[in-house]
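Notes for the one structure printed next.
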Amino acid sequence: MKKAILVSAVLLGSLVGSAARAQGIQQHIAALKKSMAASQQDLRTYQWVETTTVSVNGEQKSWKEQACYYGADGSLQKTPVASSPPPPKKFGFRGAIQQSKIEDMTNEMQQAAALVKSYLPPQPFLIDQAVNTGNVSFDMLQPGQVVRLNFKNYKLPGDTFSITMNIQTNRLLGMSVRTYMGDPSKPVNMEAQMGTLIDGATYPARTELQIPSSNLEVDSVNTGYRKMM
């Protein structure tokens with residue numbers, strides 16, 4: 001009899017803990033959606049400069065600066081400002097090989113960048129989908145302060161999209177993506193550090209995109225935010 005009571009108590013405690021955890025996840029996600037919507041609206045009133053650096057095997061290969069702002073139709077606009085000079089051109093067979101490598105690297109970067117952009121900013125319907133299928137968990141990084149929400153199978157089977165947020169202010173602190181191009185044998189990783197503007201809007205201050213199979217890294221830094229006239 002005592003054993004049965006003990007088992008029942010353990011099961012009840014487990015159910016209560018699961019219910020509290022599920023409620024906690026729902027609260028954090030509701031706050032996250034509200035914060036993201038407000039920030040996206042505010043960012044449309046700003047212009048800034050994006051500096052992108054491409055490195056291979058840890059060696060910088062190129063960089064460029066672009067002026068960024070949102071157009072009247074809500075789409076992000078980028079205007080070239082400055083860039084590194086192209087590499088010295090080779091001729092003949094070596095030149096053909098050089099051009100082929102450059103084209104392959106450029107295509108790979110563009111594909112990886114497009115893939116990651118499909119995760120950012122987080123889409124409410126994909127978040128809801130992860131919640132409804134039980135693919136959400138959270139880690140309390142700092143009790144009562146910082147939590148990390150983990151969305152598994154967010155966009156592709158086996159991927160993970162994580163968001164770190166301050167639950168006191170409901171502001172985003174960072175985002176990370178673990179996904180792949182084509183199949184899991186070609187992983188693509190992304191880490192984003194968020195910044196906060198004077199009006200409270202959050203933005204990706206720095207984004208690091210990595211393609212481990214090619215030792216390719218694309219580092220983007222956003223600076224100089226100011227209100228558009």
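The values are calculated or read from the model by the stated rules, or taken from the named source; none is laboratory data. Please read all numbers here as calculations on a predicted model, not as lab measurements. Please note: Cβ atoms are built from the backbone with ideal geometry, for glycine as well, and neighbour counts cover all protein chains shown.
Tell me, which residue of segment 139-161 that is within 18 Å of LYS34 (Cα to Cα) and in contact with a Gly (Cβ under 9 Å, 6 or more places away or on another chain) is surrounded by the most Cβ atoms within 10 Å (Cβ to Cβ)?
VAL147
Just one of the numbered conditions (1) assigned to a strand (DSSP E or B); (2) closer than 29 Å to TRP48 by Cα is not true of ILE127; which one?
(1)
Right, MET181: in contact (Cβ under 8 Å) with a residue 60 or more places away in the chain, surrounded by 16 or more Cβ atoms within 10 Å (Cβ to Cβ) and more than 16 Å from PRO121 (Cα to Cα) or not?
In short, yes.
If you scan segment 54-77, which residues turn out to be free of Cβ contacts under 8 Å to residues at least 60 places away in the same chain and surrounded by 12 or more Cβ atoms within 10 Å (Cβ to Cβ)?
Answer for segment 54-77, where residues must be free of Cβ contacts under 8 Å to residues at least 60 places away in the same chain and surrounded by 12 or more Cβ atoms within 10 Å (Cβ to Cβ): GLN60, LYS61, SER62, TRP63, LYS64, GLU65, GLN66, ALA67, TYR70, LEU76, GLN77.
Matching residues to (1) part of a helix (DSSP H, G or I); (2) of a type in the set (Gly, Ala, Ser); (3) in contact with a strand residue (DSSP E or B) (Cβ under 6 Å, 6 or more places away or on another chain); (4) at pLDDT below 70:
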site: LEU12; (1), (2), (3), (4): yes, no, no, yes
site: THR52; (1), (2), (3), (4): no, no, yes, no
site: LYS64; (1), (2), (3), (4): no, no, yes, no
site: TYR69; (1), (2), (3), (4): no, no, yes, no
site: GLY74; (1), (2), (3), (4): no, yes, no, no
site: GLN77; (1), (2), (3), (4): no, no, yes, no
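Could you go through segment 156-169 and let me know if any residue there is in contact with a strand residue (DSSP E or B) (Cβ under 9 Å, 6 or more places away or on another chain) and at positive phi.
Taking every residue of segment 156-169 in turn, at least one turns out to be in contact with a strand residue (DSSP E or B) (Cβ under 9 Å, 6 or more places away or on another chain) and at positive phi.
Can you tell me which of (1) in contact with a helix residue (DSSP H, G or I) (Cβ under 7 Å, 6 or more places away or on another chain); (2) farther than 21 Å from GLN40 by Cα; (3) in a helix (DSSP H, G or I) is the one PHE138 doesn't meet?
Failed condition: (3).
Select the strands (runs of 3 or more DSSP E) contained entirely in segment 147-212, then report the ones holding at least 2 residues which are more than 28 Å from TYR225 (Cα to Cα).
Hits in segment 147-212: 171-180, 187-196.
SER176 - would you say it is of a type outside the set (A, V, I, L, M, F, W, C) and under 13 Å from the mean Cα position of the chain (by Cα)?
When the stated conditions are applied, SER176 passes them.
This table checks each residue for (1) assigned to a strand (DSSP E or B); (2) at pLDDT below 50; (3) of a type in the set (A, V, I, L, M, F, W, C); (4) in contact with a Lys or Arg (Cβ under 6 Å, 6 or more places away or on another chain).
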| position | (1), (2), (3), (4) |
| --- | --- |
| ALA4 | no, yes, yes, no |
| ALA9 | no, yes, yes, no |
| ALA20 | no, yes, yes, no |
| GLN23 | no, no, no, no |
| LEU32 | no, no, yes, no |
| ALA37 | no, no, yes, no |
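Check segment 211-219 and report whether any residue there is surrounded by 18 or more Cβ atoms within 10 Å (Cβ to Cβ) and out of contact with any Asp or Glu (no Cβ under 9 Å at 6 or more places or on another chain).
Looking through segment 211-219, none of the residues is surrounded by 18 or more Cβ atoms within 10 Å (Cβ to Cβ) and out of contact with any Asp or Glu (no Cβ under 9 Å at 6 or more places or on another chain).
When the residues of segment 84-105 are filtered to those that are surrounded by 12 or more Cβ atoms within 10 Å (Cβ to Cβ) and modelled with pLDDT under 85, which remaining residue is nearest to the chain's Cα centre (by Cα)?
This residue is MET105.
If you scan segment 138-152, which residues turn out to be among the small types (Gly, Ala, Ser) and within 14 Å of the chain's Cα centre (by Cα)?
Listed by number, the list is empty, since nothing qualifies.
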